[in-house]
Amino acid sequence: MLSLTFSPDRPLADQIVTGIKRQIDDRLLRPGTRLPSIRGFAESHNVSRFTVVEAYDRLVAMGYLQSRRGAGFYTAPTRAEASQPAPSTDHKRNEELVWLIRRLLEAGEDTILAGGPWLPNSWLDEAGIRQSLNALARKNGTHLLEYGNPFGYLPLREHLVLLLGELGITAHPGQVLLTQGTSQALELVIRYLLKPGDAALVDDPGYYNMFGNLRLQGVEMLAMPRNADGPDIATLEKLATAHRPKVYFTQSVMQNPTGTDMSPHVGFKVLQAAERCGFFVVEDDIFCDLQVKATPRLATLDQLNRVIYARSFSKTLSGSLRVGFVACAPHIANELADIKMLTSITTSQFTERLIYLMLVDGHYRKYLARLHERLDAARANVVRAFEGIGLELFAEPNSGMFIWARFPQVEDALPLAEAAARDGIMLAPGVVFRPHLERSPWMRFNVAICDDPRVQRWLARAAAER
């Protein structure tokens, strides 16, 4: 029996979850113990069955209980077992993602990465990198030899505060932690916020690398359907209420893979749900510098209260330099810095100084202006070509490099991608962008690559055969 009090400040479901968790942690409920049925618990504690359902479901999501069909709810075998990595089926699923990522990284020069996640090398500013590299190498100091500061190179963090201010995000350098790209930023946040069995909201479709990381950590992913203006709010509120997730991972601008932006109205709804249901929002803004005209981010609306903001320069400067950052509340930044030191000691002061030189010499903004013009022209050409071929666009993005499209008569894009691979063209089928790898008719296209007539001719032939 639990002692429950009827109080507007402490919902009954919260009290039930806390009470059962305490009994399991204190070993009063042994592993494998069968809990009272939903009806039995409700009657013995004089509460609604809906309240018990919510509490039991949350305990299942947290890894404390197991639901056995037709048999009821049981305490998990042991908390130690619950803290182990994701089950083998999740590792099997990750094999498909690893296969895709390996193909991207090991693709030969003769492979056309029509669905690739980065710009062609010829579009990047290699000359600018070499110029800044030479300037840095001539500077005296210990940056070539010593470990850096745990938070990262201070002048770069101070400059990033100015860049955040241009988006309307107020922060100070102590709220900015430098990382090895956005991938490490997200991994640090996952380690900080989540443990095996916890639930997290994710976009469907969304970023496959992050899905793989969450599987490795044993996190339950709650798929949020992504509309042209952002996540489906009705589904978000339903999942958040039922599962009490710890966090929602999303991209509010130039979302990967759809290329769409979250509207301010939907953004407000997301933040209201986060406040009401008590979850954090992790905003991955890796494509920030590809946007022609800046629009408000979730971090702009929230001012780093519940939003943890992540970003890097891999997509515009160099995927090899691996410099990114997290901006968040001061106490969270300190916790993330501790995790960073324990897992990687620190980040490269040399590359952080190099990025700093490239950002402050004025050359970077001119380079971005040229890059925006080139992307706009390629996007217009690809949209026009795709419409002529008969591809259906999910939406027409205003910025960025991605278009999410499908053949209307195709229900599963994976066989199409396999056929393209045999002809030396790598497409990105929608299945890999779904949290649970369900089939999808959609495909991600990179406009910087798909302006190539060879890609368009192949797609036209594929359309004619269907």
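The values are calculated or read from the model by the stated rules, or taken from the named source; none is laboratory data. Since this is a predicted model, take the numbers as computed values, not measurements. We place every Cβ from the backbone using ideal geometry, glycine too, and count neighbours over all the protein chains shown. Keep in mind that these areas ignore ligands, DNA and RNA; they rest on the heavy atoms of the full protein, side chains included. Shrake-Rupley method; radii C 1.70, N 1.55, O 1.52, S 1.80 Å.
Looking at the chain, send over the antiparallel percent of its DSSP beta bridges, to the nearest 5.
Values: 24 of 42 bridges.
Expressed as a percentage, antiparallel bridges in the chain total about 55.
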Query raised in the report: Any idea what angle helix 330-344 forms with the longest principal axis of the chain, computed on alpha-carbon atoms, 0 to 90 degrees, nearest 10?
Result: 70 degrees
Report summary line: Rounded to the nearest 10 degrees, the helix 181-193 long axis (Cα) sits at an angle to the longest Cα principal axis of the chain of 10 degrees
Query - Sequence-separation-based contact order of the range 303-405, relative, with Cα cut under 8 Å and 6+ spacing, percent - result: 15 percent
Query raised in the report: How far is the Cα center of the range 122-144 from the Cα center of the range 183-214, in Å?
Result: 33 Å
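Can you sort ARG365, ARG69 by solvent-accessible area, 1.4 Å probe, largest first?
Details: ARG365 140, ARG69 235 Å².
Of ARG365, ARG69, the descending order of accessible area is ARG69, ARG365.
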**Report entry** Cross-link table LYS195/LYS340; LYS293/LYS366; LYS315/LYS366; LYS21/LYS246; LYS21/LYS195; LYS21/LYS269, entries beyond 19 Å C-alpha to C-alpha
**Finding:** LYS21/LYS269
Report summary line: Rounded to two decimals, the Debye log10 I(q)/I(0) of the range 339-466 (Cα scatterers, no solvent) at q = 0.09, 0.13 Å⁻¹ is -0.40, -0.69
Query raised in the report: Using Cα atoms only, what is the angle between the long axis of helix 233-243 and the major principal axis of the chain, expressed in degrees (0 to 90) to the nearest 10?
Result: 40 degrees
Query raised in the report: So what's the chain giving for Rg/Rh, alpha carbon basis, Kirkwood Rh from the mean inverse pair distance?
Result: 1.00
**Report entry** the range 110-198: translational diffusion in µm²/s, Stokes-Einstein, Kirkwood Rh over Cα pairs, 37 °C, 0.692 mPa s
**Finding:** 194 µm²/s
Query - Accessible-area composition of the range 416-466, carbon plus sulfur, in percent [1.4 Å probe] - result: 46 percent
Query raised in the report: Taking a temperature of 37 °C and a viscosity of 0.692 mPa s, what whole-number D in µm²/s does Stokes-Einstein yield for the range 256-299 with Rh from Kirkwood over alpha carbon pairs?
Result: 279 µm²/s
Query raised in the report: Hey, how many Å between the Cα centroid of the range 216-234 and the Cα centroid of the range 1-56?
Result: 28 Å
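Rank by packing, highest mean first: peptides 137-146, 446-455, with packing defined as the count of other Cβ atoms within 10 Å averaged across residues.
Numbers: 137-146: 9.9, 446-455: 20.3.
Going by the mean number of other Cβ atoms within 10 Å, highest first, we get 446-455, 137-146.
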Query raised in the report: Taking the alpha-carbon set of the range 145-293, what are its Rg and Dmax in Å?
Result: 16.0, 53
Report summary line: Sorted by chain and number, the residues with a modelled amide H under 5 Å from that of ILE308, at a separation of 5 or more or across chains, are VAL281, VAL282, GLU283
Query raised in the report: In whole angstrom, how far apart do the alpha carbon centroids of the range 287-362 and the range 391-431 sit?
Result: 30 Å
